[in-house]
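Participant: Got a structure for you, written out below as structure tokens; questions coming shortly.
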Amino acid sequence: RHGVDPAAPYFLSMSHTLLAIHAHPDDESSKGAATVARYVDAGVRAVLVTATGGEAGDILNPAMDRPEIVADLPAVRSAELDEAARIIGYEEVIRLGYRDSGMPESPDNARPDAFCNQDHEVVLERLVQIARRLRPDVLLGYDAHEFYPHPDHLYVHRLSLELFSACADPERFPDAGDPWRIGALYAPVFSRERIETLHRTMLERTGSSPFAGWVERLASGRSDAQERITKIDVTGYVERGRDALRAHRTQIDPDGFWFQVPTELVEEVYPWEDFELLAATVPVSGNGSDLFDGIA
């Protein structure tokens, strides 16, 4: 399906499982959606954990900024998540049910039911129980989010690192199921190479680029801790990932930032999604072309 080459090394059997943890509805579609769709079409079972309902997110699509939408935003965002997950191909969507923490120092951030204010051990045990039930080969979490310090994203980064080790430790959460060793933990990232390539090409061909601000931030940031980048070829899947993103109608303006670079141009000059290797229990190069590299 979708032009898949069954001889490609990342096309695996149904025995392989990918577990992705995301902070809010829409994150699963803006980070690595085309890659997950490609693996699903190859027979990999993909399961999504979404930590919050995205209640604190602004309505960024003017066409959806209507009183009835605002009044029922959590239910609307939940339905959008279901549609996006279906487009990508997730087999199961697990909602942890916490409230969106909002940005630092906001009223949402101070709420006792906010994700970032939960008992850490309770949240981690819930994730360990999920992972031990599903027994994933690959876990997708978040990187350190240097340029976007949203409390929920930072918390997912911490949780994904701790989940990776706790899941295999028989001393941690013995009532959460039999220990399971996850093969590799990756974070979908917008790498320096990707941003600079698309920025340069857009300037050359159109005279403008939506990435100007990103390039400036990259110049003052870390030097690609994304040294261990795995590049997944998503040729033929970019538009499917964008379709999933469009499903989040309250959060995504169809004429906005995410769609300013034509799909054809993306697949011509940078047809990859990038993932930073955060941890592994199998021999992984960290700069290959398959998230399941080294996994039997």
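Participant: Is it the case that some residue within segment 258-273 is in contact with a Phe, Trp or Tyr (Cβ under 8 Å, 6 or more places away or on another chain), crowded, with 22+ Cβ neighbours inside 10 Å and of a type outside the set (Ser, Thr, Tyr)?
Facilitator: No, because not a single residue in segment 258-273 is in contact with a Phe, Trp or Tyr (Cβ under 8 Å, 6 or more places away or on another chain), crowded, with 22+ Cβ neighbours inside 10 Å and of a type outside the set (Ser, Thr, Tyr).
Participant: Answer with yes or no whether ALA85 is modelled with pLDDT of 95 or more, under 25 Å from VAL238 (Cβ atoms) and surrounded by 14 or more Cβ atoms within 10 Å (Cβ to Cβ).
Facilitator: Values: modelled with pLDDT of 95 or more: yes; under 25 Å from VAL238 (Cβ atoms): yes; surrounded by 14 or more Cβ atoms within 10 Å (Cβ to Cβ): yes.
Yes; evaluated as a whole, the condition is true for this residue.
Participant: Right, next: If the requirement is being in a helix (DSSP H, G or I), touching a helix residue (DSSP H, G or I) at 6+ places or on another chain (Cβ under 6 Å) and modelled with pLDDT of 95 or more, which of these qualifies: VAL40, VAL36? Reasoning before the result, please.
Facilitator: On the way: VAL40 fails: touching a helix residue (DSSP H, G or I) at 6+ places or on another chain (Cβ under 6 Å).
Going through VAL40, VAL36 in turn, just one is in a helix (DSSP H, G or I), touching a helix residue (DSSP H, G or I) at 6+ places or on another chain (Cβ under 6 Å) and modelled with pLDDT of 95 or more: VAL36.
Participant: Could you list all residues from segment 109-122 that are without any contact (Cβ under 8 Å) to a residue 12 or more places away in the chain and assigned to a loop (DSSP other than H, G, I, E, B)?
Facilitator: Once the filter is applied, which keeps residues that are without any contact (Cβ under 8 Å) to a residue 12 or more places away in the chain and assigned to a loop (DSSP other than H, G, I, E, B), segment 109-122 yields PRO112, ASP119.
Participant: Within segment 139-149, does at least one residue satisfy the condition of being open to solvent by less than 70 Å² (accessible area, probe 1.4 Å) and over 21 Å from ALA279 (Cβ atoms)?
Facilitator: Keep residues of segment 139-149 that are open to solvent by less than 70 Å² (accessible area, probe 1.4 Å), which gives 139-145, 149.
Keeping just the survivors that are over 21 Å from ALA279 (Cβ atoms) gives 149.
Yes, the conditions are met somewhere in segment 139-149.
Participant: Going by the conditions given, is ILE195 touching a residue at least 24 places away in the same chain (Cβ under 8 Å) and open to solvent by less than 40 Å² (accessible area, probe 1.4 Å)? Steps first, please.
Facilitator: Working: touching a residue at least 24 places away in the same chain (Cβ under 8 Å): no; open to solvent by less than 40 Å² (accessible area, probe 1.4 Å): yes.
When the stated conditions are applied, ILE195 does not pass them.
Participant: Which ones in segment 233-253 are open to solvent by 10 Å² or more (accessible area, probe 1.4 Å), of a type in the set (Val, Ile, Thr) and modelled with pLDDT of 95 or more?
Facilitator: THR235, VAL238
Participant: Could I ask something else about it? Of the residues that sit in segment 174-192 and are aromatic (Phe, Trp, Tyr) and under 23 Å from VAL282 (Cβ atoms), which one is least open to solvent (accessible area, probe 1.4 Å)? Working first, answer last.
Facilitator: Within segment 174-192, the subset aromatic (Phe, Trp, Tyr) is 180, 186, 190.
Adding the requirement that they be under 23 Å from VAL282 (Cβ atoms) leaves 180, 186.
Numbers: TRP180: 57, TYR186: 0 Å².
Residue satisfying both the conditions and the ranking: TYR186.
Participant: When GLY286 is evaluated against the numbered criteria (1) open to solvent by 30 Å² or more (accessible area, probe 1.4 Å); (2) out of contact with any Gly (no Cβ under 7 Å at 6 or more places or on another chain), which criterion, by number, is the only one it fails?
Facilitator: Going through (1) open to solvent by 30 Å² or more (accessible area, probe 1.4 Å); (2) out of contact with any Gly (no Cβ under 7 Å at 6 or more places or on another chain) one by one, GLY286 breaks only (1).
For (1) surrounded by fewer than 19 Cβ atoms within 10 Å (Cβ to Cβ); (2) closer than 30 Å to GLY236 by Cβ; (3) free of Cβ contacts under 8 Å to residues at least 40 places away in the same chain; (4) β-branched (Val, Ile, Thr), each residue gets a yes or a no:
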| residue | (1), (2), (3), (4) |
| --- | --- |
| ILE69 | yes, no, no, yes |
| SER78 | yes, yes, no, no |
| TYR90 | no, yes, no, no |
| GLY102 | no, no, no, no |
| LEU124 | no, no, no, no |
| LEU154 | yes, no, yes, no |
| ARG172 | yes, no, no, no |
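Participant: May I pose another question? Kindly check whether there is at least one residue in segment 129-142 that is farther than 20 Å from GLU91 by Cα and either touching a residue at least 40 places away in the same chain (Cβ under 8 Å) or in contact with a Leu (Cβ under 7 Å, 6 or more places away or on another chain) (or both).
Facilitator: Step one: of segment 129-142, the residues farther than 20 Å from GLU91 by Cα are 142.
Then keep just the ones that are either touching a residue at least 40 places away in the same chain (Cβ under 8 Å) or in contact with a Leu (Cβ under 7 Å, 6 or more places away or on another chain) (or both); that gives 142.
Yes, because at least one residue in segment 129-142 is farther than 20 Å from GLU91 by Cα and either touching a residue at least 40 places away in the same chain (Cβ under 8 Å) or in contact with a Leu (Cβ under 7 Å, 6 or more places away or on another chain) (or both).
Participant: Within segment 127-146, can one find any residue that is acidic (Asp, Glu) and closer than 24 Å to PRO74 by Cβ?
Facilitator: No.
Participant: Just checking, which of ALA85, ALA46 is part of a helix (DSSP H, G or I) and either farther than 18 Å from HIS248 by Cβ or within 18 Å of the chain's Cα centre (by Cα) (or both)? Working first, answer last.
Facilitator: Numbers: ALA46 fails: part of a helix (DSSP H, G or I).
Unique residue meeting the criteria: ALA85.
Participant: Within segment 126-157, track down each residue that is part of a helix (DSSP H, G or I) and farther than 16 Å from LEU19 by Cα.
Facilitator: Taking segment 126-157 and keeping what is part of a helix (DSSP H, G or I), we get 126-134, 151-157.
Within segment 126-157, PRO151, ASP152, HIS153, LEU154, TYR155 meet the criteria.
Participant: Say we look at segment 22-40 and pick out the residues that are under 8 Å from the mean Cα position of the chain (by Cα) and not basic (Lys, Arg); which of these is surrounded by the fewest Cβ atoms within 10 Å (Cβ to Cβ)?
Facilitator: In this case the residue turns out to be SER30.
Participant: Sticking with this one: Just name the residue that is farthest from VAL266 (Cα to Cα) out of those in segment 197-214 that are under 23 Å from the mean Cα position of the chain (by Cα) and of a type outside the set (A, V, I, L, M, F, W, C).
Facilitator: That would be GLY213.
Participant: For segment 226-233, check the following and say yes or no: at least one residue is polar (S, T, N, Q) and either over 23 Å from LEU139 (Cβ atoms) or more than 21 Å from the chain's Cα centre (by Cα) (or both).
Facilitator: Residues of segment 226-233 polar (S, T, N, Q): 226, 230.
If we keep only those that are either over 23 Å from LEU139 (Cβ atoms) or more than 21 Å from the chain's Cα centre (by Cα) (or both) as well, we get none.
Scanning segment 226-233, I find no residue that is polar (S, T, N, Q) and either over 23 Å from LEU139 (Cβ atoms) or more than 21 Å from the chain's Cα centre (by Cα) (or both), so the answer is no.
The values are calculated or read from the model by the stated rules, or taken from the named source; none is laboratory data. This structure is a prediction, so every number in the text was calculated from the model and none was measured. Neighbour counts are summed over all protein chains in view; Cβ atoms, including those assigned to glycine, are modelled from backbone coordinates with ideal geometry. Quick note on the areas: whole protein, heavy atoms, side chains included, nothing else; ligands and nucleic acids left out. Shrake-Rupley method; radii C 1.70, N 1.55, O 1.52, S 1.80 Å.
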